[in-house]
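The values are calculated or read from the model by the stated rules, or taken from the named source; none is laboratory data. Quick caveat: nothing in here was measured; it's all calculated off a predicted structure. Cβ placement follows ideal geometry from the backbone for every residue including glycine, while neighbour counts extend to all protein chains displayed.
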Amino acid sequence: MPMLRQVLVEQPIARSLGALAMFWLLATLGVGTLAGLGGCAGQQPGFSEGVPTELHTPYDDTDARKRARTRLALATGYFENGQTTVALDEMKKALQIDPTFGDAYNLGGLIYTTMNDLPLAQAHFEKALSLNPRDANAMHNMGWLKCQQGQYDVANTWFQRAIAVPTYTEKAKTWLAQGICEANSGQRDKAQQSLMRSYELDPGNPVTGYNLSKLLYQSGDMQRAQFYIRRLNNSELANAETLWLGIRVERRLGNSQAMQQLAAQLRRRFPQSKELLAYERGAFND
């Protein structure tokens, strides 16, 4: 079953993950799996845009469900490739075959979220939950939808409901989504706690590392910000955003040699990036 990635819209604190970011935090949801983050060679995900989660629905061996799954697999592939209209059409065909297929409604909610049709997105997530009240992925997606709408308390209620499901395996991504949501609402202390919970569960997630480091940088905690961003920049997942954050952290700490080394990487690997332009302008506080 192909992996589906959920999209997180642009957000202030980290703008939630970039074009591929639509697929890396933007954490998560699967039609089988809406996994989080992943980069392709030569295509780096943005680390200031988003969050996603996995969907685990028991397989139904009926003929209708099998045919619906085939349609949904196609819809997922099209959605991942940015072919939203075709994905929507295939999702609708899956529901025509099997109107009780909760995964299809969950994917539909993600598609409509991408299309910025939030009322229809909510209706699809609600339908998925009516079919399976224990669907933690739909809860996560509903929480992110409410966060996009500025309903932060409602969003956190949905995130916590998802986290409370014992069989839910994507808790790290939901803590990440909650942390970004809390940061956007100005609750920086709570955001830091949520991001730390996410990091403890999944220390290898670059989106969490980036967002946590950026929050610590904005809070003036340079030593801890340095720890998380250095770990990320020393991996193959470093990109223009992470290098630029690393440069600003090292500058604030007075580490000119480390700063220059990161700047050299930024210039060599991402010569056309807006981050390099900002560095060359000396726009460290923008």
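Below is a table of values for the structure above.
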read-out	value
Subset of segment 103-117 (residues that are surrounded by fewer than 20 Cβ atoms within 10 Å (Cβ to Cβ) and either in a helix (DSSP H, G or I) or in contact with an Asp or Glu (Cβ under 9 Å, 6 or more places away or on another chain) (or both))	114
So residue 120, is it within 23 Å of residue 143 (Cα to Cα) and either part of a helix (DSSP H, G or I) or in contact (Cβ under 8 Å) with a residue 24 or more places away in the chain (or both)	yes
Tally of residues being surrounded by fewer than 24 Cβ atoms within 10 Å (Cβ to Cβ) and either touching a helix residue (DSSP H, G or I) at 6+ places or on another chain (Cβ under 7 Å) or assigned to a helix (DSSP H, G or I) (or both) across segment 216-231	11
Sole exception among (1) in contact (Cβ under 8 Å) with a residue 12 or more places away in the chain; (2) outside any loop (DSSP other than H, G, I, E, B); (3) surrounded by fewer than 23 Cβ atoms within 10 Å (Cβ to Cβ); (4) not β-branched (Val, Ile, Thr) for residue 134, by number	(2)
Pick from segment 180-214, criterion under 24 Å from residue 236 (Cβ atoms) and among the small types (Gly, Ala, Ser), ranking: surrounded by the fewest Cβ atoms within 10 Å (Cβ to Cβ)	204
Close pairs from segment 228-250: first over 18 Å from residue 267 (Cβ atoms) and touching a residue at least 40 places away in the same chain (Cβ under 8 Å), partner of a type in the set (D, E, K, R) and surrounded by fewer than 24 Cβ atoms within 10 Å (Cβ to Cβ), Cβ under 9 Å, at least 6 apart	none
Considering residues of segment 76-113 that are of a type in the set (Ser, Thr, Tyr) and over 17 Å from the mean Cα position of the chain (by Cα) only, the residue nearest to residue 142 (Cα to Cα)	105
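Condition check ((1) of a type outside the set (Asp, Glu); (2) modelled with pLDDT of 95 or more; (3) over 14 Å from the mean Cα position of the chain (by Cα)) across all residues:
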residue	(1), (2), (3)
163	yes, yes, yes
176	yes, yes, no
179	yes, yes, no
182	no, yes, yes
186	yes, no, yes
194	yes, yes, yes
201	yes, yes, yes
209	yes, yes, no
212	yes, yes, no
